[in-house]
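Beneath this line is the structure, given in structure tokens, with notes to follow.
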Amino acid sequence: MAAGPRSQTDIRQHAERRGRRAETLASLWLRLRGYRILARRHRGPMGEIDLIARHGGLLVAVEVKARANLEAGLASVSPRQRQRIARTLRHFQAQRPALGTLDLRVDLVIMRPWRVPVVIADVWHPDG
């Protein structure tokens, strides 16, 4: 007997599990590249950031996207989402005086099935 159509709840739960898995793998990959993960799924008053890391003299917001290809990953972050991430990163920094001197950056990690993660450093600027 064939399975019936999946409910919206099932679809959302599957997407949530897939996203968490992608964030875990991205976190490990970034650590291998010298990033120090400071927060996962940080929720601030303006929104959520998948990962926040320190990389040298930078405080980096990392958006993680599990997509079939690079184009889909790049297209998946809307201008509104970019603004939310930038505001949340600035708020995170303001709440932690020890991080106040670090420059800000936003990276995008695209997780594709059975492929090495793609890290696009400085994908857009938090102030522009």
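Kindly list, by first and then second residue, each pair from a residue in region 94-108 that is in contact (Cβ under 8 Å) with a residue 24 or more places away in the chain to a residue that is surrounded by fewer than 16 Cβ atoms within 10 Å (Cβ to Cβ) and in a helix (DSSP H, G or I), limited to pairs with Cβ atoms under 8 Å and residues at least 6 apart or on different chains.
Listed pairs, sorted by first residue: Leu108/Leu74.
It is to be established whether one or more residues within region 82-91 are among the β-branched types (Val, Ile, Thr), touching a Lys or Arg at 6+ places or on another chain (Cβ under 6 Å) and either within 15 Å of Gly19 (Cβ to Cβ) or surrounded by 11 or more Cβ atoms within 10 Å (Cβ to Cβ) (or both). If you could, list the steps in order and put the result at the bottom.
Taking region 82-91 first, the residues among the β-branched types (Val, Ile, Thr) are 85, 88.
Going one step further and asking which of them are touching a Lys or Arg at 6+ places or on another chain (Cβ under 6 Å), we end up with none.
No, region 82-91 contains no residue that is among the β-branched types (Val, Ile, Thr), touching a Lys or Arg at 6+ places or on another chain (Cβ under 6 Å) and either within 15 Å of Gly19 (Cβ to Cβ) or surrounded by 11 or more Cβ atoms within 10 Å (Cβ to Cβ) (or both).
Is region 8-19 home to any residue that is closer than 25 Å to Leu99 by Cβ and surrounded by 16 or more Cβ atoms within 10 Å (Cβ to Cβ)? Explain how you work it out, then say what you get.
Looking only at region 8-19, we keep the residues that are closer than 25 Å to Leu99 by Cβ, and these are none.
Among the residues of region 8-19, not one is closer than 25 Å to Leu99 by Cβ and surrounded by 16 or more Cβ atoms within 10 Å (Cβ to Cβ), which makes the answer no.
Hey, can you tell me all the residues within region 1-41 that are among the acidic types (Asp, Glu) and either under 21 Å from the mean Cα position of the chain (by Cα) or within 14 Å of Lys65 (Cβ to Cβ) (or both)?
Pass one, region 1-41, residues among the acidic types (Asp, Glu): 10, 16, 23.
Those that are among the acidic types (Asp, Glu) and either under 21 Å from the mean Cα position of the chain (by Cα) or within 14 Å of Lys65 (Cβ to Cβ) (or both): Glu16, Glu23.
Specify which of the listed residues (Asp122, Asp103) is of a type in the set (Asp, Glu) and under 21 Å from Gly44 (Cα atoms).
Within the list Asp122, Asp103, the selection yields Asp103.
Search region 62-81 for residues being in a strand (DSSP E or B) and either modelled with pLDDT under 85 or not aliphatic (A, V, I, L, M) (or both), and hand back the single one that is surrounded by the fewest Cβ atoms within 10 Å (Cβ to Cβ).
First, the residues of region 62-81 that are in a strand (DSSP E or B): 62-66.
Subsequent filtering for residues that are either modelled with pLDDT under 85 or not aliphatic (A, V, I, L, M) (or both) retains 63, 65.
Working: Glu63: 23, Lys65: 21.
Selected residue: Lys65.
Mind listing whichever residues of region 31-44 are touching a Lys or Arg at 6+ places or on another chain (Cβ under 9 Å) and either not aromatic (Phe, Trp, Tyr) or not in a loop (DSSP other than H, G, I, E, B) (or both)?
If we filter region 31-44 for residues that are touching a Lys or Arg at 6+ places or on another chain (Cβ under 9 Å), which is where we start, we get 35-38, 41, 44.
Residues satisfying the conditions are Arg36, Ile37, Leu38, Arg41, Gly44.
Determine which single condition Asn69 fails, assuming it passes every other condition in (1) under 13 Å from the mean Cα position of the chain (by Cα); (2) closer than 19 Å to Ala26 by Cα; (3) among the polar types (S, T, N, Q).
Condition (1) is where Asn69 drops out.
Would you pick out the residues in region 42-61 that are surrounded by fewer than 17 Cβ atoms within 10 Å (Cβ to Cβ) and at positive phi?
Within region 42-61, just Gly56 meets the criteria.
The values are calculated or read from the model by the stated rules, or taken from the named source; none is laboratory data. This structure is a prediction, so every number in the text was calculated from the model and none was measured. For neighbour counting, all protein chains shown are included, and Cβ atoms are generated from backbone atoms with ideal geometry for every residue, glycine included.
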